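The values are calculated or read from the model by the stated rules, or taken from the named source; none is laboratory data. Every value quoted in this text rests on a predicted model; they were computed, and no experiment measured them. Using ideal geometry, Cβ is built from the backbone for each residue, glycine included, and neighbour counts are taken over all protein chains shown. The area values use the complete protein model at the heavy-atom level, side chains included, leaving out ligands, DNA and RNA. Shrake-Rupley method; radii C 1.70, N 1.55, O 1.52, S 1.80 Å.
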Protein chains: 2
Amino acid sequence: MAYKTEYLTQRIRAAREAMKMSQRELSARSGLTQSHISQIERGTMEPGLSSLVDVARALDLEIVLAPKKLMPAIRNILESASATSDTLTLEQRKLVGRLERWFAQFRDGFAIASEADTFRDSLALLRHLPLSADELDRLKDATERLDRWQADPPSSKELSEFAHSVRQLRNSAVHRDRDDAIPRSAYALEEEDDNA
Amino acid sequence: MAYKTEYLTQRIRAAREAMKMSQRELSARSGLTQSHISQIERGTMEPGLSSLVDVARALDLEIVLAPKKLMPAIRNILESASATSDTLTLEQRKLVGRLERWFAQFRDGFAIASEADTFRDSLALLRHLPLSADELDRLKDATERLDRWQADPPSSKELSEFAHSVRQLRNSAVHRDRDDAIPRSAYALEEEDDNA
DNA sequence: ATTTTTCATACAGAATAATATATAGAGAAT
DNA sequence: ATTCTCTATATATTATTCTGTATGAAAAAT
């Protein structure tokens, strides 16, 4: 009777094993008993919501309620995080990191605060989403503008334009269909994210 | 007792209300009793996981376990689908208006007449449909192409592509599911056509 | 071969979720 | 005012979780 939530409890077990934590240790961290955890993982019993929250927290996981329609985009993020990193994502992270550091300094340059927030959040996404070669180029272009702005600070209009172009980049990466997703060495399927 | 799952149950209530669904209707859809739902939403009782799953499903929501470090990225996606404001819709109308004026001039550029008609109809819809932040971005991108075409007129192939992208935009706005619909209250009634 | 660790399982009892049903109050609609 | 809908709340009963504790079996480490 318990497989309505099986996909969640299986993820719990996978997460625990991925960080090489024993049921006993998880028990200590979460406050549930070991026997309880065993039953949850096995599907012998359906946990209460609060138990799941406790266990998830202990595994550095968060419970999110997401509209079904957004699930492809969210899966994109979850998978890209567990996908093996290749040279593309390495450079990508370097670039995003540079943009983030720049933003920390230039945040006040934004005329509108919400625009600055949007920009920061777009960066958060770009750090985790797979990019095509073309998109990576655009990301590179963006960081190159930073160089020009070292000497000559941008106007708020330029900044706004800049933020928009970064957001465009984010959009194209987020809403990519999984079918034409960037080919990667091994696209891990949902249930086997236990590769470090 | 202070429940640690209140952030989830609050989202349930918010989702239900956003869809204008009564507790009774949700009760019918989810299989829980109305009284049960009331207590969950109020926080007087903590639901079991399976109850939460049932309710979430009935609201077209999915429960996701996400690594904490990915939360900024995920929040970004969740917000981009629901964020909207008055200023945004104002901008939306400005953009659509611009596209419409442009179309009045460039209508002959379309190789196929039906394509032009479809384009015009898409615009008419876009004027009245609530758009997410993402969709507004795409709309903005579209109008920016117009700028480039001031000097350098588009080929009929480019034009066709352009019309297609606008139509896609229209589709995503039209076929949005109830659950993540943009709350209309702010601008549902304030619409008087400003003719171009 | 022995010890340790890890996981599955069992059981009793306390705590709490969940059902079914009913009702009261608030607000909206007629 | 009367009727309707919606939400909160109450009560009694059943069902399930959860704890605490203990044990067996398999696997790993010594």
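Placing unit charges on the Cβ atoms only, positive for Lys and Arg and negative for Asp and Glu, gives the range B:6-63 a dipole magnitude near 180 debye about its Cα centre.
So for the protein assembly as shown, taking the charge dipole from beta-carbon charges (+1 Lys/Arg, -1 Asp/Glu), which of A:Val53, B:Val166, A:Ala66 sits furthest toward the positive end? Of the listed residues, the answer is A:Val53.
Quick check for you: which residues of the range B:47-70 have the amide N under 11 Å from the point 7 Å beyond the Cα of A:Ser38 toward its beta carbon? Flagged as within label range: none. In terms of accessible area, using a 1.4 Å probe and ignoring ligands and nucleic acids, A:Glu100, A:Glu144 rank largest first as A:Glu144, A:Glu100. Using a 7 Å projection from Cα along Cα-to-Cβ, the label point at B:Lys69 is separated from the same position in the remaining copies by 3.2 nm, smallest value first. The range B:79-134 and the range A:127-165 have their alpha-carbon centroids 27 Å apart. Annotation: B:Met71 carries an accessible surface of approximately 10 Å², with a 1.4 Å probe and no ligand, DNA or RNA atoms counted. For the pair B:Thr143 and B:Ala124, label points projected 7 Å from Cα toward Cβ lie 2.1 nm apart.
Entry note, chain A: the mean residue ellipticity at 222 nm calculated from DSSP H runs of n ≥ 4, each adding -39500 (n - 2.57), is -20500 deg cm²/dmol after division by the residues and rounding to the nearest 500. Taking a probe of 1.4 Å and counting only protein heavy atoms, give the total accessible area buried between chains A and B in Å², rounded to the nearest 100. So the total buried area for this chain pair works out to about 4600 Å².
Heavy-atom accessible area, probed at 1.4 angstrom with all protein chains present, ranks A:Arg98, B:Arg29 as B:Arg29, A:Arg98, highest first. Projecting 7 Å from Cα along the Cα-to-Cβ direction, the label point of A:Arg138 sits 1.3 nm from its equivalents in the other copies, listed shortest first.
Most tightly packed first, judged by the mean number of other beta-carbon atoms within 10 Å of their residues, the peptides B:124-134, A:123-133, A:106-116 read A:123-133, B:124-134, A:106-116.
Report the relative contact order of the range A:68-174, percent, no decimals, based on alpha-carbon pairs under 8 angstrom and at least 6 residues apart.
Averaging sequence separation for qualifying contacts and normalising by length gives 39 percent for the range A:68-174.
Pairs over the 28 Å Cα-Cα cut-off, from the set B:Lys20/B:Lys69; A:Lys69/B:Lys20; A:Lys20/A:Lys140; A:Lys68/B:Lys20; A:Lys4/B:Lys20: B:Lys20/B:Lys69; A:Lys20/A:Lys140.
Accessible area per residue was computed with a 1.4 Å probe on protein heavy atoms; B:Lys68 scores about 80 Å².
Electrostatic tally near A:Gln150: other residues with Cβ closer than 15 Å to its Cβ, Lys and Arg +1, Asp and Glu -1, net 0. Between B:Ser82 and A:Glu6, the modelled labels are 3.1 nm apart [label points 7 Å from Cα along Cα→Cβ].
Between copies, A:His175 shows label-point distances of 1.3 nm, shortest first, with the point placed 7 angstrom from Cα along Cα to C-beta.
Using a Förster radius of 30 Å, what is the FRET efficiency between A:Met45 and A:Glu25 based on their Cβ-Cβ separation? Nearest 0.05, please.
Working from the Cβ atoms, E equals 0.90.
Over chain B, Cα pairs under 8 Å with separation of 6+ residues give a relative contact order of 25 percent.
In this calculation the C-beta distance from B:Ala104 to B:Gln168 is compared with R0 = 35 Å, giving a FRET efficiency of 0.95. Solvent-accessible area assigned to carbon and sulfur over the range A:78-174 amounts to 49 percent, based on a 1.4 Å probe. Note on the range A:68-174: dipole from Cβ charges, positive end direction compared against A:Leu123, A:Asn76, A:Ala113; the farthest Cα belongs to A:Asn76. Placing unit charges on the Cβ atoms only, positive for Lys and Arg and negative for Asp and Glu, gives chain B a dipole magnitude near 600 debye about its Cα centre.
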